[in-house]
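All remarks here apply to the structure that follows.
The values are calculated or read from the model by the stated rules, or taken from the named source; none is laboratory data. Because the structure is a prediction, the values reported are computed rather than measured. Using ideal geometry, Cβ is built from the backbone for each residue, glycine included, and neighbour counts are taken over all protein chains shown.
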Amino acid sequence: MVRILISMVAFFALNYRGLSGESKPNIVFFFADDMGYADLSCYGAPDVKTPRIDGLAREGVRFTNVYAMGPECTPSRTSILTGRYPQRVGGLECAIGTGNVGRYDDAVRLSNQHDLGLPPVLATLAPGLKKSGYYNGIFGKWHLGYETKFSPLDQGFDQFIGFLGGNVEYFRHVELSDLPVYVSGRKPIQRKGYLTDLITKDALRFLDERAKNRDRPFFLYLPHAAPHFPFQGPDDDTGRLPTAEEWDRGKRANYIKMIERLDQGVGDVLDSLSDHGFGQNTIVVFASDHGAKQPGLNTPFRDFKGTLFEGGIRVPLIIRWPGKIEPGTVSQQVGSLMDLTKSFLAAAGAEAPRQKLDGDDLIAHVVDGKPDYPRTLYWRSRRGNRTWWAIRDGDWKYVRRNDDGNVDEWFFNLKSDPGESHNILETDPASAEAEKLRGKILRWETEVNPAPRSASD
């Protein structure tokens, strides 16, 4: 009887976390860069060993139907930190170019005005967690504005060490521009070491500090550079910077070494969580920001980064929350990375944000064991004179591309054709279902105009 009573007390203690300030869950979010859907062992990679990330999947939930809200870095990150479609922030539908370059008309205009980035007034995730008592740290890639007014320190983060642009060399921490991009807080820094290892080192230091200040829960955001180009494993330092021609070219062998070193870093952080006694009350999340470019693998999906086919936007997502999420769960629920915003805020017991979120609470869906439900998700991606649109509505998906006036359209049933190999419009150009989706995406475009960029607008 005593054992039964003890077990009951332990059960209720475990399942009522979050009711008091001391028991709010910590949140650790590992975010890979340009890693493909099939670049982890647990997602079918035939040649990559990722035992620590695979362990997270065994101990939590692995999602198979989750999307980035853009096929490039900046829009995907925008959607997570705002919880909204990136189109609601002007100029960020395309990755900000090296050296703070805008890559389509609106982005060019904002860059010329020194206003290309995520305005603090539109940030939601970190400010919401901070208001709920969290101490927030970010170590790694920002890519949401080079200007000092877009600093993470003005967007709810208490600590920041990382790089401002889209890609940096892994040993010298510079990009192919003259701008200083590696910073601590707001000041440029110089450090020695392999970038993936430095991000892990900063994370471990953060956890050591939090272990001495247990009065506040924490949010640790680790947007890694790996395996984004330049394709440099930890032993690939040639003693010089890659040339511009070499910068974004690489072999699968180098790419694999980058992912496996990332996996080691994930393991080091998980070990530190355990050593400090944080493991049982910490939500741990691993995801990639969009599909891979070659030599990454997006198998079994079509195409690569930069497109709105599944290979450009379908991403791995793993969430572990001990005592809440059943170990070994596999979820086919359609979701998006912007769902993480609402999920994290809800788990933290944070107040509803001022701006209505576009995502759902994906964590609660799994924790509560609810049946999967259909979703409608929208995309628009711009670069130069090319614009992509896409919509997933239940099992149907419509894709449109306007490349400087040359228009192509595709229509798929993802249930029967997940690889998007059969364009239904080729045999049924007047498809009523495709016309329905065209209408939906046109209406959506009228609803996602950019929000005011300052409190006074």
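Condition first: in a loop (DSSP other than H, G, I, E, B) and buried (at least 21 other Cβ atoms within 10 Å of the Cβ). Can you find one or more residues in the stretch 238-260 that meet it? Reasoning before the result, please.
If we filter the stretch 238-260 for residues that are in a loop (DSSP other than H, G, I, E, B), which is where we start, we get 238-251.
Imposing the further condition that a residue be buried (at least 21 other Cβ atoms within 10 Å of the Cβ) reduces the set to 250.
Looking through the stretch 238-260, at least one residue is in a loop (DSSP other than H, G, I, E, B) and buried (at least 21 other Cβ atoms within 10 Å of the Cβ).
Residues of the stretch 278-301 being touching a residue at least 40 places away in the same chain (Cβ under 8 Å), of a type outside the set (V, I, T) and part of a loop (DSSP other than H, G, I, E, B), which ones? Quick ask: steps written out before the conclusion?
At the first step, the residues of the stretch 278-301 found to be touching a residue at least 40 places away in the same chain (Cβ under 8 Å) are 278-293, 295-301.
Okay, now just the ones that are also of a type outside the set (V, I, T), so 278-281, 286-293, 295-298, 300-301.
Answer for the stretch 278-301, where residues must be touching a residue at least 40 places away in the same chain (Cβ under 8 Å), of a type outside the set (V, I, T) and part of a loop (DSSP other than H, G, I, E, B): F278, D289, H290, G291, A292, K293, P295, G296, L297, N298, P300, F301.
Give just the number: which of (1) at pLDDT 95 or above; (2) at negative phi; (3) assigned to a loop (DSSP other than H, G, I, E, B) does P316 not satisfy?
Of (1) at pLDDT 95 or above; (2) at negative phi; (3) assigned to a loop (DSSP other than H, G, I, E, B), only one is false for P316: (3).
A quick yes/no check of all residues on (1) assigned to a loop (DSSP other than H, G, I, E, B); (2) of a type outside the set (V, I, T); (3) touching a strand residue (DSSP E or B) at 6+ places or on another chain (Cβ under 9 Å):
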position	(1), (2), (3)
L118	yes, yes, no
G137	no, yes, yes
F157	yes, yes, yes
G162	no, yes, yes
G165	yes, yes, yes
E175	yes, yes, yes
R191	yes, yes, yes
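Within the stretch 347-368, work out how many residues are touching a helix residue (DSSP H, G or I) at 6+ places or on another chain (Cβ under 7 Å) and either in a loop (DSSP other than H, G, I, E, B) or buried (at least 17 other Cβ atoms within 10 Å of the Cβ) (or both).
The initial filter retains those residues of the stretch 347-368 that are touching a helix residue (DSSP H, G or I) at 6+ places or on another chain (Cβ under 7 Å), namely 347-348, 350-351, 353, 357, 359-364.
Still in the running and either in a loop (DSSP other than H, G, I, E, B) or buried (at least 17 other Cβ atoms within 10 Å of the Cβ) (or both): 347-348, 350-351, 353, 357, 359-363.
So the count comes out to 11.
Examine the stretch 167-180 for a residue that is among the polar types (S, T, N, Q), in contact (Cβ under 8 Å) with a residue 12 or more places away in the chain and either closer than 30 Å to H276 by Cα or buried (at least 17 other Cβ atoms within 10 Å of the Cβ) (or both), and state whether such a residue exists.
Keep residues of the stretch 167-180 that are among the polar types (S, T, N, Q), which gives 167, 177.
When the remaining residues are screened for being in contact (Cβ under 8 Å) with a residue 12 or more places away in the chain, the result is 167, 177.
So of that shortlist, the ones also either closer than 30 Å to H276 by Cα or buried (at least 17 other Cβ atoms within 10 Å of the Cβ) (or both) come out as 167.
Looking through the stretch 167-180, at least one residue is among the polar types (S, T, N, Q), in contact (Cβ under 8 Å) with a residue 12 or more places away in the chain and either closer than 30 Å to H276 by Cα or buried (at least 17 other Cβ atoms within 10 Å of the Cβ) (or both).
Rundown of residues vs (1) under 20 Å from Q232 (Cβ atoms); (2) aliphatic (A, V, I, L, M); (3) out of contact with any Leu (no Cβ under 9 Å at 6 or more places or on another chain), yes/no style:
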residue: Y134; (1), (2), (3): no, no, yes
residue: I138; (1), (2), (3): no, yes, no
residue: P152; (1), (2), (3): no, no, no
residue: F163; (1), (2), (3): yes, no, no
residue: R172; (1), (2), (3): yes, no, no
residue: K201; (1), (2), (3): yes, no, yes
residue: F206; (1), (2), (3): no, no, no
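Looking only at the stretch 369-398, which residues are under 12 Å from S331 (Cβ atoms) and either assigned to a helix (DSSP H, G or I) or among the basic types (K, R) (or both)?
Selection gives K370 alone.
Of all residues in the stretch 61-86, count the ones that are out of contact with any helix residue (DSSP H, G or I) (no Cβ under 9 Å at 6 or more places or on another chain) and part of a loop (DSSP other than H, G, I, E, B).
Of the residues in the stretch 61-86, the ones out of contact with any helix residue (DSSP H, G or I) (no Cβ under 9 Å at 6 or more places or on another chain) are 65, 73.
From the residues that got through so far, the ones that are part of a loop (DSSP other than H, G, I, E, B) too are none.
The number of residues fulfilling the criteria is 0.
Could you tell me which numbered condition S416 fails, if it satisfies all but one of (1) loosely packed, with under 15 Cβ neighbours inside 10 Å; (2) within 25 Å of R109 (Cβ to Cβ)?
Every condition holds for S416 apart from (2).
Say whether the condition of being more than 30 Å from F304 (Cβ to Cβ) and part of a loop (DSSP other than H, G, I, E, B) is met by at least one residue in the stretch 217-236.
Yes, the stretch 217-236 has at least one match.
Looking at T64, is it touching a residue at least 60 places away in the same chain (Cβ under 8 Å), more than 25 Å from N402 (Cβ to Cβ) and in contact with a Ser or Thr (Cβ under 6 Å, 6 or more places away or on another chain)? Write out each step before concluding.
Values: touching a residue at least 60 places away in the same chain (Cβ under 8 Å): yes; more than 25 Å from N402 (Cβ to Cβ): yes; in contact with a Ser or Thr (Cβ under 6 Å, 6 or more places away or on another chain): no.
Spelling it out, it is not the case that T64 is touching a residue at least 60 places away in the same chain (Cβ under 8 Å), more than 25 Å from N402 (Cβ to Cβ) and in contact with a Ser or Thr (Cβ under 6 Å, 6 or more places away or on another chain).
Would you point out the residue of the stretch 369-404, among those that are under 22 Å from R88 (Cβ atoms) and hydroxyl-bearing (S, T, Y), that is surrounded by the most Cβ atoms within 10 Å (Cβ to Cβ)?
Among those that are under 22 Å from R88 (Cβ atoms) and hydroxyl-bearing (S, T, Y), it is S381.
Which members of the stretch 8-37 meet the condition of being basic (K, R) and modelled with pLDDT under 50? Outline the logic, then answer.
Kept after step one, since they are basic (K, R), are these residues of the stretch 8-37: 17, 24.
Within the stretch 8-37, just R17 meets the criteria.
Exactly one condition in (1) surrounded by 20 or more Cβ atoms within 10 Å (Cβ to Cβ); (2) touching a strand residue (DSSP E or B) at 6+ places or on another chain (Cβ under 6 Å); (3) over 23 Å from I199 (Cβ atoms); (4) hydroxyl-bearing (S, T, Y) is not met by Y104; state its number.
(1)
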